[in-house]
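Please read the structure below before turning to the comments.
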Amino acid sequence: MNKITNNILSGLLIIAFFGVTAVSCVQKSNVNWNLYSSFTLEMPEELMIGLAVTSHNSEESTIAVFSSFQLID
């Protein structure tokens with residue numbers, strides 16, 4: 001799987017599940033969605049979802065804004 005770099009943070013990220021296949025796509029230009037990764041994942045009957053951010057540097061703090069978060073069943 002690819003490592004997410006800082007240039008993706010200014011765009012949009014979507015993660016979708018199709019059966020046991022998870023697909024993530026990024027959009028940076030408000031035009032095209034680009035496949036970022038896909039993998040197989042067996043999902044349990046009950047699932048807990050969370051969002052997190054890290055600066056990856058203990059000397060620096062970071063700020064993030066999560067907007068338009070949706071869970072669609």
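The values are calculated or read from the model by the stated rules, or taken from the named source; none is laboratory data. Because the structure is a prediction, the values reported are computed rather than measured. Glycine gets a Cβ as well: all are built from the backbone with ideal geometry, and neighbour counts include every protein chain shown.
For segment 58-73, what are the residues that are among the hydroxyl-bearing types (Ser, Thr, Tyr) and closer than 15 Å to LEU13 by Cβ? Even if it seems obvious, please write down each step before you answer.
Step one: filter segment 58-73 for residues among the hydroxyl-bearing types (Ser, Thr, Tyr), giving 58, 61-62, 67-68.
Scanning segment 58-73 gives SER67, SER68.
Output the strands (runs of 3 or more DSSP E) that fall wholly within the chain and possess 1 or more residues being touching a strand residue (DSSP E or B) at 6+ places or on another chain (Cβ under 6 Å), at pLDDT 80 or above and exposed (fewer than 10 other Cβ atoms within 10 Å of the Cβ), or say none.
Working: elements: 12-18, 21-27, 34-40.
Here the list reads 34-40.
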